[in-house]
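To start, the structure itself, in structure tokens.
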Amino acid sequence: MASPTLRRRRLSRLLRELREDRGWTAGAVAKEAKAKSGKTRGWSASKLTRLEGAEWKRVQADDVLILLDIYGITAEEERAAYVALAREANQQGWWASFGDALGSGQFVGLESEASAIRSYESMTIPGLLQTPEYARAVISGSGQVTDEDELTQRVDARMFRKTVFTRSAPVTFWAVLDELALLRITPALAGQLDYLLEMGARSNVGIQVLPISRGPHAAMNGNFVIMEFPPPDLPVVYLEAMSEEIYLEKSEEITRYQHVYDYVQAEALSVSDSRQLIRDRLASL
């Protein structure tokens, strides 16, 4: 389940840091790279910006080596590590087998290698905690998928994401759910509540419910996910919008959302009280 997404972001960040540490501008590096490559075309400041911003699908090892030459990286072992990272970043992600059922694959590419995930959801149960029946109801209820085969593929893809719980080093997953998400579960989908109780019993999973009675709270602007990774990779915040995916990586942005999560978690019921609320909701169905 190696993620080319995570490696692409790591390579881009490392190359950007090398340039910034040496005080080069993107334009100056592009000019030098063009001279070293011996090609009149192929290098520009915009290309370097895309490369440093992880806005690429494949990168040539020769391009990486040219940049390392410019930045004065001469140690063979270090250069080989960069080339290996580029090769891994160019690989096809496991999600490609599900077509476009998982969108661009960027989110699941990060999710699949996260060591810890914290999620806030206001209207639905997080994908990693959904049953097939609930997932099917949510996806079909969006009105965007009407083909039965496509619907099945999307549900299967969502279920496959749960391998993060069964890998050798399972992810630590913490979810804060707005009570509204529970109230939208119908009697036909009551199994979803049973599944929440089952997953919540795991040592690496925490589920808290934010009661409607708490009133306004810090996360009312929308859902978000904080993903953390083993070193040297840095945390990422994912914001879900109707037609786009937003990823925040700046340290001040990460800190702001970590504070928001802390506030929301403090407002939510404790894990044990949340389990009781889920049981009560299940009994009412």
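Summary table below
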| item | result |
| --- | --- |
| Rg over Rh, two decimals, the chain (C-alpha only, Kirkwood Rh) | 1.04 |
| DSSP bridge orientation in the chain - percent antiparallel, rounded to nearest 5 | 50 percent |
| Most mobile listed residue (S37, S140, S122) in the chain, GNM with C-alpha springs under 10 Å | S37 |
| The range 205-222 - phi-based ³J(HN,Hα) in whole Hz, Karplus 6.51/-1.76/1.60, Gly and Pro as x | 10, x, 10, 10, 10, 9, x, 4, 5, 6, x, x, 8, 5, 9, 6, 6, x |
| Å² per residue, accessible surface of the range 1-48 at 1.4 Å | 53 Å² |
| Ellipticity estimate at 222 nm from DSSP helix runs (n ≥ 4, -39,500 (n - 2.57)) divided over the chain, nearest 500 | -15000 deg cm²/dmol |
| For the chain, built as a Gaussian network whose Cα springs stay under 10 Å, the top-fluctuating residue of Q144, Q106, Q91 | Q144 |
| Accessible surface, per residue, of the range 144-285 when the full set of protein chains is kept, probe 1.4 Å, Å² | 54 Å² |
| Label-point separation in nm, R41 to R167, each point 7 Å along Cα→Cβ | 4.0 nm |
| Proximal lysine pairs, the chain, alpha carbons under 27 Å, eight or more residues apart or interchain | 13 |
| Within the accessible area of the range 42-163 (1.4 Å probe), percent carbon and sulfur | 49 percent |
| Equivalent ellipsoid semi-axes, the range 155-270, via Cα gyration tensor eigenvalues times 5, rooted, Å | 23, 21, 15 |
| Backbone HN-Hα couplings from phi across the range 122-134 [Karplus 6.51/-1.76/1.60, Hz, Gly and Pro as x] | 9, 10, 10, 6, x, x, 5, 10, 8, 7, x, 5, 5 |
| The chain: most fluctuating residue of E20, E113, E179 per GNM, C-alpha cutoff 10 Å | E20 |
| Debye intensity ratio in log₁₀ form over the Cα atoms of the range 138-219, taken at each q of 0.20 Å⁻¹ | -1.17 |
| Amide H contacts under 5 Å for I207, placed H, 5+ residues apart | A175 |
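The values are calculated or read from the model by the stated rules, or taken from the named source; none is laboratory data. Everything numeric in this text was worked out from a predicted model, so none of it was measured. No Cβ is skipped: glycine too gets one built from the backbone with ideal geometry, and neighbour counts run over all protein chains shown. Keep in mind that these areas ignore ligands, DNA and RNA; they rest on the heavy atoms of the full protein, side chains included. Shrake-Rupley method; radii C 1.70, N 1.55, O 1.52, S 1.80 Å.
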